[in-house]
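*Asks:* Here it is, the structure in full.
The values are calculated or read from the model by the stated rules, or taken from the named source; none is laboratory data. Not measured: the values here are computed from a predicted model. All Cβ positions, even for glycine, are placed from backbone atoms using ideal geometry, and neighbour counts span all protein chains on display.
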Amino acid sequence: MSSTGSPREAHVAHIERFGIQLQTPDDLIIGLAGNPNTGKSTVFNALTGLNQHTGNWAGKTVGSAIGHFHHQQRSFTIVDLPGTYSLLSQSADEQVARDFVCFGNPHVTLVVTDATNLERNLNLALQVMEVTDRVVVAVNLMDEAKRKGIRIDIDKLQAELGVPVMPIAARSGTGLAELKEMLLQVAIGAVNPTPKPLTYSEEVERTVAALLPQVEPLVAGVLRPRWVALRLIDGDDSVLAALVRYTEERPTVIQTGKVVVPS
Ligand SMILES: Nc1nc2c(ncn2[C@@H]2O[C@H](COP(=O)(O)OP(=O)(O)OP(=O)(O)O)[C@@H](O)[C@H]2O)c(=O)[nH]1
Ligand SMILES: [Mg+2]
């Protein structure tokens with residue numbers, strides 16, 4: 001990354017390396033992550049007024065899309081990422097999502113979850129919360145949950161996670177005004193999420209502590225050393241490969257446009 005210029009210029013240059021054009025240098029950048037089929041593209045379409053993803057034929061998002069919206073006189077750029085169950089997954093699409101969450105440095109990562117399948121969906125949210133503090137969790141399909149008699153204690157979930165949790169029903173637009181406001185508050189630092197740290201077994205924690213002195217000088221300022229140490233213990237060196245790509249200035253370029261396949 002260039003060491004010259006203002007932090008703002010560096011930020012713009014950084015985000016443009018992902019193939020993302022901002023509308024203004026002050027754009028607030030939102031990454032939209034979540035398990036497959038949780039309504040990310042529906043949220044994206046509703047916020048941006050675009051309908052480039054789902055169209056008439058329901059389908060899985062293969063590439064990503066980039067859109068823009070305004071809220072309270074601020075310009076936002078939002079990146080709709082492919083669905084992924086885990087930041088540790090390895091398909092090309094899942095890597096796009098992983099690399100953007102880890103290296104794109106968005107102002108906020110919005111994790112869209114399915115209210116009817118919350119427990120499984122929270123796995124990804126917890127992983128994202130290990131990578132960055134600036135997380136908002138949207139619990140989507142609240143209409144479907146209600147229909148199925150599923151009740152979700154949003155306040156308790158928020159307290160347990162330590163990040164804002166917003167109930168929405170994206171297809172009808174319910175809760176999206178509040179969601180936009182929360183994205184703004186977190187993006188500008190008026191609300192500071194404090195994800196509850198996950199603690200692992202004593203053995204894992206001991207190994208993390210032993211690895212940290214070696215990992216810190218390699219990744220500090222780019223990735224959380226603790227997260228990288230945990231990945232190494234997992235035997236996942238793809239994160240390090242991605243880090244090498246990143247430092248060689250060859251980040252994953254986000255593919256723009258409508259890219260869907262029939263489900
Ligand atoms: N009932 C209900 N259905 C919804 C809601 N939001 C999205 N859906 C439906 O859920 C399905 C999947 O929505 P998408 O927006 O394509 O989901 P996605 O997360 O982008 O999916 P992938 O790109 O494959 O990961 C579509 O049929 C949507 O119409 C909602 O709030 N309520
Ligand atoms: Mg999609």
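*Asks:* Pull up region 135-158, narrow it to residues that are under 18 Å from Pro197 (Cα atoms) and surrounded by fewer than 23 Cβ atoms within 10 Å (Cβ to Cβ), then point me to the one that is nearest to ligand 2 (Cβ to nearest atom).
*Replies:* My answer is Leu157.
*Asks:* Does region 76-121 hold any residues that are within 16 Å of ligand 2 (Cβ to nearest atom), crowded, with 19+ Cβ neighbours inside 10 Å and assigned to a loop (DSSP other than H, G, I, E, B), and which are they?
*Replies:* Leu81, Pro82, Gly83, Thr84, listed by residue number.
*Asks:* Can you find a residue that is touching a Phe, Trp or Tyr at 6+ places or on another chain (Cβ under 6 Å), within 13 Å of ligand 2 (Cβ to nearest atom), assigned to a loop (DSSP other than H, G, I, E, B) and modelled with pLDDT of 85 or more anywhere in region 32-42?
*Replies:* yes
*Asks:* Go through region 227-241 residue by residue and tally those that are within 16 Å of Pro197 (Cα to Cα) and either free of Cβ contacts under 8 Å to residues at least 40 places away in the same chain or loosely packed, with under 13 Cβ neighbours inside 10 Å (or both).
*Replies:* 2
*Asks:* Of all residues being among the polar types (S, T, N, Q) and exposed (fewer than 10 other Cβ atoms within 10 Å of the Cβ) in region 193-226, which is farthest from Val135 (Cα to Cα)? Just the residue, please.
*Replies:* Among residues in region 193-226 that are among the polar types (S, T, N, Q) and exposed (fewer than 10 other Cβ atoms within 10 Å of the Cβ), the one farthest from Val135 (Cα to Cα) is Ser201.
*Asks:* Moving to a separate point now. Out of (1) in contact with a helix residue (DSSP H, G or I) (Cβ under 8 Å, 6 or more places away or on another chain); (2) at pLDDT below 80; (3) within 13 Å of ligand 2 (Cβ to nearest atom), what's the single condition that is false for Gly5?
*Replies:* (3)
*Asks:* Specify the residue that is farthest from the chain's Cα centre (by Cα); the eligible residues are those in region 66-91 that are within 14 Å of ligand 1 (Cβ to nearest atom) and not polar (S, T, N, Q).
*Replies:* Gly67
*Asks:* If you check Thr54, Thr61, Thr84, which single one turns out to be of a type in the set (Ser, Thr, Tyr) and either at pLDDT 80 or above or at positive phi (or both)? Talk me through it step by step, then tell me what you get.
*Replies:* On the way: Thr54 fails: either at pLDDT 80 or above or at positive phi (or both); Thr61 fails: either at pLDDT 80 or above or at positive phi (or both).
The match here is Thr84.
*Asks:* Can I ask one more? In region 151-164, is there at least one residue being under 15 Å from the mean Cα position of the chain (by Cα), at negative phi and either assigned to a helix (DSSP H, G or I) or not aromatic (Phe, Trp, Tyr) (or both)?
*Replies:* yes
*Asks:* To continue, here is another question. Within region 9-31, track down each residue that is within 16 Å of ligand 1 (Cβ to nearest atom) and either in a helix (DSSP H, G or I) or of a type in the set (A, V, I, L, M) (or both).
*Replies:* Selection gives Ile30 alone.
*Asks:* Considering (1) modelled with pLDDT of 90 or more; (2) under 21 Å from Arg224 (Cβ atoms), say which one Ser89 fails and leave the rest.
*Replies:* Here Ser89 meets the rest and fails (1).
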